[in-house]
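Trainee: Sending over a structure as C-alpha cells; questions will come in a sec.
Quick note: the coordinates plus some simple rules give every number you see, no bench work behind them. Given the structure is predicted, the values throughout are model-derived calculations rather than measurements. So basically every Cβ, Gly included, is an ideal-geometry build from the backbone, and we count neighbours across all protein chains shown.
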Amino acid sequence: MTISAISPVTGDVVSTHEEMTAAAVERIVDDVHRTFVEWRGTSFAARAALLRKAGQLLRAEGDEFARLMAREMGKPVRDGVAETQKCALGCDFFAEHAERLLARESIATDAHASFVTFRPLGVVLAVMPWNFPFWQVFRFAAPALMAGNAAVLKHASNVPGCALAIEDLLRRAGFPENLFRTLMIGNAAVEAVIAHRHVRAVTLTGSGAAGRAVARKAGELLKKTVLELGGSDPYLVFGDADPDSAAALCTKGRLVNSGQSCIAAKRFLVVDSIRERFEQRFVARMGAARMGDPLDPNTEIGPQARRDLRDALHKQVEASIARGARCLLGGTIPPGRGAYYPATVLTDVGKGMPAYDEELFGPVAAIIPVHDENEAVAVANDTAFGLRAAIITRDRERAERIAADRIEAGSVFVNEPVKSDPRLPFGGIKESGYGRELSGYGIKEFVNIKTVYVA
C-alpha cells in the first residue's frame, strides 16, 4: 500500500510513500515510549531550549514549508507563511510559560503538606487533518512535549510531506530522535495504534465521524481523548453594525484558508434592518477575492484540498438552492483540472437546507435573515455544533453579556474574526468535540493531575 499526495491544482502525484507495516508501527511506538521514560526526567529549561530552536527553524524556513503546503493541499503561500509563523509563536509561548502553567499547587488541608503535581502521561497519539498541516500539529505538540510527553503522529494522507517535514524539523531542533515520530499509515490502522500498550492518550482534529470512531475505541480501552471536530460558526450581525466594517470582517472570517477551516465563519445571521446594505457590500468583497495558483503570492483563494471535497461542497450549494436559497455570487464549478470553487454567497437560507444544517467546508457563505438580536441568538444556537461564534455590533457591553451568557460555543469573539491564540483555550461543545487545546487548560489535558498528601 502507498500513501500519495495529489496536487489539487493539477491532479498530478506530488509524492508517494510506502505505508508502514504493523510490525514497523509497533517498533516505533516502543521506541517512542523508551525515549519518553528518559524525556520525562528532563528539566523545563532543557525542553524550552529545544522548543525555542524549533520556533527559530519555523521562522527561517517558513517560505519552504509554505510551498510544501501549497503543493500538497493547495494553501496559498502567503497563508502558509503566516501558519508557520503562528507555529513559532506557539513554540515560544509554551517554552516560556509551561513551567509556570504546570507548577506544583499547594492546597491547605489537615495534612502536614498536601499539593497537586502535573506529571506527563506518556505517548500521545495525534490524528491530525490536512487543512492546517503545520499548525494543527504544533498546537498539540508544543504543550505536550513541554509537559514531558512523547508523541506519534498520524497525519492526513494527502499531506505526508508536511508530516515528515515536521518530524525532521523537531529532530534538527535537537529533540531526541524518537520523541516525536510520524506514522505513515492509513485510517484503517489507527485503531491498532490506539490499542498499543504504550499509547496513553489520543488527540484528534477532524470530522464528527472520525471523532466518534476514535472516541469509541479509546473509550473501550479507557484512554484519554481530546476531540476538536467540525463547526458551523455563526456570525451575528446586529442592526446597529456598520455595514462596511461588518462586510469586511465577515469576508475575512469566511475566506480564511480558502474557507476550509473548522473555525471559519459559515452562517451569517443578519438582522433585517441592515441586511440589504450588508449583502451588497459583502457580495462585493467576496467577489473581489482573487482565486488562483496557490504558489502565486497574490492569491487569496486557492483550490480546495481535493476534488471530491470540492464536488461535495457544490452538491450542498445546489441542494440549498433547490430548497429555496438564492445565490448572489458564485455557485458554479469553474472549468479546468484544479479543485477550485469560487467565493459563493447564498441568502434566504433556512432550516432544512444543507447551508443551514450542515458544515460548509469551503468559501460558501450562508446568509440567514433574522428579525432581531434575540432571534439571531436563537438561530446561532440552533445547530448540532458549538465551536466558535462572533458578534458584530456597536454596543460592546451588550455583546459581551450575550457572548458570555447566551451563545452556545467554546468561544465568542466580538467585532473580530474568530481565531486561535496560544494564550487562550481552544475547543468546542456539542458535536464540535470536547477537551481544550492551547493555554494553561490545554497543556493540562495530557498530564496526570496527581494529589500528594503527607500526614
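Trainee: With contacts defined as alpha carbon pairs under 8 Å and 6 or more residues apart, what's the relative contact order of segment 233-311 in percent?
Mentor: Relative contact order of segment 233-311: 33 percent.
Trainee: Using only Cα atoms, find the angle between the long axis of helix 44-60 and the longest principal axis of the chain, and express it within 0 to 90 degrees, rounded to the nearest 10.
Mentor: So the inclination is approximately 40 degrees.
Trainee: Could you point to the residue in Asn149, His112, Leu164 farthest towards the positive end of segment 59-174's charge dipole, with +1 and -1 charges on the Cβ of Lys/Arg and Asp/Glu respectively?
Mentor: Leu164
Trainee: Please list, in chain and number order, the residues 5+ apart from Ile3 or on another chain whose amide H is under 5 Å from its amide H, with Hs placed from the backbone.
Mentor: Distant-sequence amide H within range of Ile3: His17, Glu18, Glu19.
Trainee: Can you give me the angle between helix 160-172 and the longest principal axis of the chain, using Cα atoms only, in degrees from 0 to 90, rounded to the nearest 10?
Mentor: Helix 160-172 sits at roughly 40 degrees to that axis.
Trainee: Continuing with this model, one more query. Restricting to Cα pairs below 8 Å that are 6+ residues apart, what does the relative contact order work out to for the chain? Please round to a whole percent.
Mentor: Taking the mean separation of contacting Cα pairs over the length of the chain, I get 19 percent.
Trainee: What does the net charge come to around Asn415 if you take all other residues with beta carbon closer than 14 Å to its beta carbon, with K and R at +1 and D and E at -1?
Mentor: With Lys, Arg at +1 and Asp, Glu at -1, the net is -2.
Trainee: How much length is gained if the chain between Lys419 and Glu318 is pulled fully straight, taking 0.36 nm per residue apart and subtracting their Cα-Cα distance, in nm to one decimal?
Mentor: 33.4 nm
Trainee: Here is a follow-up. Could you work out how far apart the two model spin labels at Asn374 and Glu397 are, taking each label as a point 7 Å from the Cα in the direction of the beta carbon, and quote it in nm?
Mentor: 2.1
Trainee: Roughly how big is segment 19-94's charge dipole about its Cα centre, with Cβ charges of +1 (Lys, Arg) and -1 (Asp, Glu), in debye to the nearest 20?
Mentor: 300
Trainee: Another question, if that's okay. Extending each Cα 7 Å along its Cβ direction at Asn298 and Ala284, get the distance between those two points in nm, one decimal.
Mentor: Output for this residue pair reads 2.2 nm.
Trainee: Averaging sequence separations of C-alpha pairs under 8 Å and six or more residues apart, then dividing by the length of segment 169-324, give the relative contact order as a whole percent.
Mentor: It rounds to 15 percent for segment 169-324.
Trainee: Glu18 label point, 7 Å along Cα→Cβ, cut-off 13 Å on backbone N: hits in segment 129-163?
Mentor: Under 13 Å, as judged by backbone N against the label point of Glu18, lies no residue of segment 129-163.
Trainee: Put +1 on the Cβ of every Lys and Arg and -1 on every Asp and Glu Cβ in the chain; which of Thr203, Ala23, Leu295 then has its Cα farthest towards the positive end of the dipole?
Mentor: The listed residue farthest towards the positive side: Ala23.
Trainee: Considering only the other residues whose Cβ falls under 13 Å of the Cβ of Glu96, what net charge follows from Lys and Arg at +1 and Asp and Glu at -1?
Mentor: Summing Lys/Arg as +1 and Asp/Glu as -1 gives +2.
Trainee: While we're looking at this one, here's another question. Cα centroids of segment 297-317 and segment 365-385: how far apart, whole angstrom?
Mentor: Between the Cα centre of segment 297-317 and that of segment 365-385, the gap is 25 Å.
Trainee: Further question on the same structure: Can you give the calculated 222 nm mean residue ellipticity of the chain, where each DSSP H run of n ≥ 4 adds -39,500 (n - 2.57) and the sum is split over every residue, rounded to the nearest 500 deg cm²/dmol?
Mentor: For the chain, the value works out to -13000 deg cm²/dmol.
Trainee: Also, I was wondering about something else. Going by alpha carbons, how many degrees (0 to 90, nearest 10) lie between the helix axis of 396-405 and the longest principal axis of the chain?
Mentor: Tilt of helix 396-405: around 60 degrees.
Trainee: Find the centroid of the Cα atoms in segment 253-286 and in segment 192-223, then give the distance between the two in whole Å.
Mentor: Measuring centre to centre over Cα atoms gives 35 Å.
Trainee: Considering the values (1) 67, 60, 41; (2) 114, 56, 44; (3) 199, 64, 45, which represents Cα extents along the principal axes in Å as calculated for the structure under consideration?
Mentor: Derived directly from the coordinates: (1).
Trainee: Among the listed pairs Lys75/Lys217; Lys266/Lys351; Lys266/Lys430; Lys154/Lys252; Lys86/Lys444, which have their C-alpha atoms separated by more than 23 angstrom in this model?
Mentor: Over 23 Å Cα-Cα: Lys75/Lys217; Lys154/Lys252.
Trainee: Okay, moving on. Rounded to the nearest 5, what is the percent of antiparallel bridges among the DSSP beta bridges in the chain?
Mentor: In the chain, approximately 35 percent of DSSP beta bridges are antiparallel ones.
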